[in-house]
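The values are calculated or read from the model by the stated rules, or taken from the named source; none is laboratory data. Everything numeric here is computed off the predicted structure, so don't read it as measured data. So basically every Cβ, Gly included, is an ideal-geometry build from the backbone, and we count neighbours across all protein chains shown. Only protein heavy atoms, including side chains, enter the accessible area calculation; ligands, DNA and RNA are left aside. Shrake-Rupley method; radii C 1.70, N 1.55, O 1.52, S 1.80 Å.
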There are 2 protein chains.
Amino acid sequence: MQSRNKFWVAIGLSVSMAMGGMALAQAKRDAIIQPIDDVTIENPAKVELGKKLWFDPRLSKSGFISCNSCHNLSMGGSDNLKTSIGHNWQEGPINSPTVLNSKYNFVQFWDGRAKDLKEQAGGPIANPKEMGFTHELAVEVVESIPGYVKEFQAVYGDQKITIDEITDAIAAFEEILVTPNSRFDQWLKGDDSALNEQELAGYNLFTTSGCIACHYGTAMGGSSFQKMGLMEEYVTENPAQGRVEVTGKDADRMMFKVPTLRNVELTYPYFHDGAAATLEEAVLTMGRLQLKRNYNDEEVSSIVAFLKTLTGDQPQLMMPILPPSVNETPKPVPFDKK
Amino acid sequence: MQSRNKFWVAIGLSVSMAMGGMALAQAKRDAIIQPIDDVTIENPAKVELGKKLWFDPRLSKSGFISCNSCHNLSMGGSDNLKTSIGHNWQEGPINSPTVLNSKYNFVQFWDGRAKDLKEQAGGPIANPKEMGFTHELAVEVVESIPGYVKEFQAVYGDQKITIDEITDAIAAFEEILVTPNSRFDQWLKGDDSALNEQELAGYNLFTTSGCIACHYGTAMGGSSFQKMGLMEEYVTENPAQGRVEVTGKDADRMMFKVPTLRNVELTYPYFHDGAAATLEEAVLTMGRLQLKRNYNDEEVSSIVAFLKTLTGDQPQLMMPILPPSVNETPKPVPFDKK
């Protein structure tokens, strides 16, 4: 199984790396975690359009919920709730993952049911527990708004707005939501002073005890599915079963996409069920369930100190001014009974 | 009664102004509507702090609703819903008025129960139908967050954060939310080409038929209470009774603060109950109920064309990055039963 193989390969790698002592630090820098590059915006008009759609609650049935409601770019690209609030205040099924650096994910959603950002973007709009709308109605709203029609024409060159274009523009905006220049990335790029002793000790422990086996790559996660509760069963009231809901294979039960650790200081609470309120709790639980390891207080503190060096520069965004609805624009339906 | 006196004084003024024909245009420019001035930010640190609080859903019980949820600065400072969605998806009692140019209001809220922006800002936080929190808990959350503590110290110079400081900072942010440079303001300042013939005809009708009697001042409204349904009773399912709920005086029944007309193209739907979906409907209803006048289609079109010249430059704001909660921060309670 691909993800399991990756796990052991990575564990092997980190153990061999741990042999080198202080010489190790340099070695690790070109290992399996890469710094986040600054973003280059290739199509500013498309990104600007996508930003408007991202912030536009008219893509929801109620006219109240936008992408940014649950992936709040003022709050690490998440909502900082255990599970999200959806249409009619329904409790969402799962913790809202950060949108930051999500372009590095090999698939999207916790269970990987979307192959890319564009496919993902269509999900919440039509999910009755989230934005509660339909793709058809979303298109109807957008194409009724002259300001949007003009922008879609400029970007896509046609008269007819489609859900495909709407999600393409949103995905183009999400592509720029990266967070370079964390202290850890500064260190990765060669600045020895960027991390202090405790943080470096935390990183060494992160590497040698096996966290890095799953949390590797640019996003330090997002590159594989892993079983939640590898060495010990994960006990939760959350009904999500992970990847099995996509594949139907029993072996995929409780297999979830490994979340990114980038900006993890901002994306509390943790896990697919949001059950871990603090980083300390998350580190302890992960050590025990995934690595059969009981970190002591000092170890937890050092790993947490390291994790807090993963907060990068947050996207600096101008609030978009949304083109107004016109008389013909279908009205939002915030209260179902009315 | 002060507001009634103002009404007739203004009507008198507009009627006498209507005598002058084309010479009138110049006369009106220094009459009872003033252009919006550019904003000068006197205390940028306080405004920046206020902006963060404005966008921070942690001032609500659920951790989901911020000031910006119902006064969305991407959407004319309103939510474009008939009545707002509050904690637990409760239907708000009244249409959410725009925050834009609200500093020009002589009092705040539709019924004027707050004397200024600072007093207003405390209302929704503690309203069980809106943000559903308490002032005490809001302070507890804010003072637990190191990033906020640092900023409050820099702005207010003391260790203890109070609700008074929180609302003061929010009000300071709201003070900068003005929208200068509308085409009408360009015209007011002397640019004859800023309005076309239809728009000018609309403005003349707005003046001569008496709209200006209530919609005067910089905000073109917000300077007096007026009875909704002056010449004919206003029929609505909305239970709000207006100013009487503050004064207890029967004469104040259905007396509401006159809303601003600035950016009215963006702040649909209209009236305290959000019952008028379009500007055309709002103009027709206002003419009939307040002025005993049945505007014909051409008149409605010209007034609406004029109203659309009142859209000013929207505040250009960087999305704030909110200081993260820490382990000690009280957790949001999005779902009451849990």
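When you have a sec, figure out the Kirkwood radius of the stretch A:44-175 from all distinct Cα pair distances and drop it here in Å to one decimal? Radius from the Kirkwood sum: 14.7 Å.
Peptide A:84-94 has a mean of 3 when you count, residue by residue, the C-beta atoms of other protein chains within 10 Å of its C-beta. Could you tell me the center-to-center distance, by alpha carbons, between the stretch B:255-281 and the stretch B:92-116 in angstrom? A separation of 13 Å, based on Cα centres.
Annotation note: GluC sites (Glu not before Pro) in the stretch B:26-124 located in DSSP loop regions with a Cβ neighbour count of at most 12 within 10 Å are B:E42.
A loss of 50 Å² or more of accessible area (1.4 Å probe, protein heavy atoms, ligands and nucleic acids excluded) relative to the isolated chain is seen in these residues of the stretch B:241-283: B:Y268. On a 0 to 90° scale, report how tilted helix A:279-291 is relative to the longest principal axis of chain A, with both axes built from alpha carbons and the result rounded to the nearest 10. The angle comes out at about 70 degrees. Among B:A276, B:A31, B:A171, the largest mean-square fluctuation in a Gaussian network model of chain B (Cα springs under 10 Å) belongs to B:A31. In the protein assembly as shown, the alpha-carbon atoms span a convex hull of 169 Å³ per residue. Taking amide H atoms as placed 1.01 Å from N in the peptide plane, the amide H of B:G242 lies under 5 Å from those of B:M254, each 5 or more residues away in sequence or on another chain.
In summary, the convex hull built on the alpha carbon positions of the stretch B:257-331 has an orientation-averaged projected area of 8.2 nm².
Per residue, chain B exposes 42 Å² of solvent-accessible protein surface, assessed with a 1.4 angstrom probe and all protein chains in place. Charge tally for B:G221 (other residues, Cβ to Cβ under 9 Å; Lys, Arg +1; Asp, Glu -1): +2. Over chain B, dividing the summed -39,500 (n - 2.57) contributions of all DSSP H runs of at least 4 residues by the number of residues returns a 222 nm mean residue ellipticity of -11000 deg cm²/dmol. Taking other residues whose beta carbon is less than 15 angstrom from the beta carbon of B:E48, and scoring Lys, Arg as +1 and Asp, Glu as -1, yields -3.
Can you classify the stretch A:52-102 as rounded, prolate or oblate using the Cα gyration tensor, where a ≥ b ≥ c are the square roots of its eigenvalues, rounded means a/c under 1.5, and otherwise it's prolate if a/b beats b/c and oblate if not? Verdict is oblate for the stretch A:52-102.
Angle of helix B:146-156 to the longest C-alpha principal axis of chain B, folded into 0 to 90 degrees and rounded to 10: 60°. Of all the options A:M318, A:M231, A:M131, the one that moves most in a Gaussian network model of chain A with Cα springs shorter than 10 angstrom is A:M318.
Annotation for the stretch A:52-83 versus the stretch B:288-314: alpha-carbon center distance of 34 Å.
In a DSSP loop and with at most 14 other Cβ atoms within 10 Å, the trypsin sites (Lys or Arg not before Pro) in the stretch B:161-246 are B:K189. Within chain B, the percentage of alpha carbon pairs spaced more than 39 angstrom apart rounds to 18%.
Local charge for B:L317 was computed over the other residues whose Cβ lies under 13 Å away, with Lys and Arg +1 and Asp and Glu -1, and equals -1.
Loop-located GluC sites (Glu not before Pro) in the stretch B:178-277 (DSSP state not H, G, I, E or B) with no more than 12 neighbouring Cβ atoms inside 10 Å: B:E232, B:E233, B:E237.
Comparing mean-square fluctuations of A:P324, A:P97, A:P180 from a GNM of chain A with C-alpha springs under 10 Å, the top value falls on A:P324. Mind checking the angle between helix A:297-307 and chain A's longest principal axis? C-alpha axes, 0 to 90 degrees, to the nearest 10. Result, in degrees: 50.
Between amide H atoms placed 1.01 Å from N, distances below 5 Å from B:T179 occur with B:N101, all of them 5 or more places distant or on a separate chain.
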